[in-house]
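First the structure, in the form of structure tokens, and then the observations on it.
The values are calculated or read from the model by the stated rules, or taken from the named source; none is laboratory data. Note that this is a predicted model, so its numbers are computed, not measured. Neighbour counts are summed over all protein chains in view; Cβ atoms, including those assigned to glycine, are modelled from backbone coordinates with ideal geometry. We work out accessible area using only protein heavy atoms, side chains counted, and drop any ligands, DNA or RNA first. Shrake-Rupley method; radii C 1.70, N 1.55, O 1.52, S 1.80 Å.
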Amino acid sequence: MTISRREAIRISGSALAGLSLGTLRTGTLQAQAAQQPADWPDQLVERPMRPGFPVPLPLNADGSAPEHQASEAGAISEPLMWRTQDRQAPQMDYDYKKLKVKVDTRGLAKLTGTMHFSDLAKLPQVSHTYLLQCGAANPRGVVKWTGVKFNDFADMLGLVPGVHYCRLVSSDKMYVDEAMETLRRPQVMLAWLMNDQPIPAKHGAPLRLIVPFRFGNRSIKAITEMVFATPGLPMPPLQG
């Protein structure tokens, strides 16, 4: 299939990428093109930036998140962002003791398959209290999280040093790709308790990633799948 230069300008780069993979149909491309404003500028122009966004995170000098007292912990404010039609958490088993997470290490670790809570229960349990903040001028709340360090989980899997990143997928099909260098930092957690109670469904039960030194959307909720991957392992020395 070919498209005109005018159509190519009007279609987003992500749509063109999908076209090259044969995942989009003509009707989809035309619909996306039709959504573009008719007066879209044909050159780069200055436009007002979104006011008050992003709000800087209050981090320590070393880039870590400040630790709060457990007595400061409380609720997370609304609104909550779920990528579902009704903006509600998808229906699933929210009991963390029954969690099942697909862990695909693609031959880059000793373990792969389906992770259960009994696997996490073998690791040292930790609790930390952090501010959860989105990019807008609206801190979501100071929350006490309980779970395990992602670094301990990664070591349990036996990941090889060459693993570059992990894709974590939520029950609403949202996902984040995070570098292993980030995930192995000591503050990153896989949590199942919030303020000493099971995480409520709307806040990401049964298992949530906590990255306190990043904006809240990186702390992906309701994890159903993890995929570990690498652009390419180091090549062995060539002979001769």
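Condition check: more than 18 Å from Thr112 (Cα to Cα) and either buried (at least 20 other Cβ atoms within 10 Å of the Cβ) or acidic (Asp, Glu) (or both). Does Gly216 satisfy that?
yes
For the range 66-117, which residues satisfy the criterion of being of a type in the set (Ser, Thr, Tyr) and closer than 30 Å to Thr230 by Cβ?
Listed by number, the residues that qualify are Tyr96, Thr105, Thr112, Thr114.
Tally the residues that are open to solvent by 20 Å² or more (accessible area, probe 1.4 Å) and among the small types (Gly, Ala, Ser), restricting the search to the range 132-183.
Residues flagged as open to solvent by 20 Å² or more (accessible area, probe 1.4 Å) and among the small types (Gly, Ala, Ser) within the range 132-183 amount to 6.
Where the second residue is modelled with pLDDT of 85 or more and in a loop (DSSP other than H, G, I, E, B) and the first is over 20 Å from Tyr175 (Cβ atoms) and of a type in the set (Phe, Trp, Tyr) and lies in the range 84-100, which pairs have Cβ atoms under 9 Å and are six or more apart or on separate chains?
Listed pairs, sorted by first residue: Tyr96/Ile199; Tyr96/Ala205; Tyr96/Pro206; Tyr96/Leu207.
Taking Asp119 and the conditions (1) over 20 Å from the mean Cα position of the chain (by Cα); (2) in a loop (DSSP other than H, G, I, E, B), which numbered condition does it fall short on, given that it satisfies the others?
(2)
Search the range 175-186 for residues that are within 12 Å of Val211 (Cβ to Cβ) and pair each with any residue that is part of a helix (DSSP H, G or I) when their beta-carbon atoms are under 6 Å apart and the residues are at least 6 apart or on different chains.
As it stands, the answer is Val176/Arg218; Leu183/Phe150; Arg184/Asn151, since those pairs meet every condition given.
Looking only at the range 189-201, which residues are open to solvent by less than 20 Å² (accessible area, probe 1.4 Å) and out of contact with any Pro (no Cβ under 8 Å at 6 or more places or on another chain)?
Here is the first cut: in the range 189-201, the ones open to solvent by less than 20 Å² (accessible area, probe 1.4 Å) are 189-192, 194, 199.
Residues satisfying the conditions are Met189, Leu190, Ala191.
Report the residue count in the range 84-100 for those that are loosely packed, with under 12 Cβ neighbours inside 10 Å and at pLDDT 85 or above. Full working, then the answer.
Applying the first criterion (loosely packed, with under 12 Cβ neighbours inside 10 Å) to the range 84-100 yields 85-86, 91, 93, 98.
Right, trim to at pLDDT 85 or above and you get 91, 93, 98.
Total satisfying the criteria: 3.
Condition test on Thr84, is it in a strand (DSSP E or B) and farther than 17 Å from Ala191 by Cα? So that I can check it myself, show each step before the final result.
Working: in a strand (DSSP E or B): no; farther than 17 Å from Ala191 by Cα: yes.
When the stated conditions are applied, Thr84 does not pass them.
Is it the case, given these coordinates, that Ala205 is outside any strand (DSSP E or B) and at pLDDT 95 or above?
yes
How many residues are closer than 20 Å to Gly204 by Cβ and touching a Leu at 6+ places or on another chain (Cβ under 7 Å) if we restrict to the range 104-144? Explain how you work it out, then say what you get.
In the first step, residues of the range 104-144 are kept if they are closer than 20 Å to Gly204 by Cβ; the result is 114-117, 119-121, 123, 125-136, 138-144.
This time we only want the ones that are touching a Leu at 6+ places or on another chain (Cβ under 7 Å), so: 116-117, 120, 133, 139-143.
Number of matching residues: 9.
With respect to Gly141, is the statement that it is modelled with pLDDT under 95, assigned to a strand (DSSP E or B), closer than 24 Å to Asn195 by Cβ and of a type in the set (Gly, Ala, Ser) true?
Yes: the conditions hold for Gly141.
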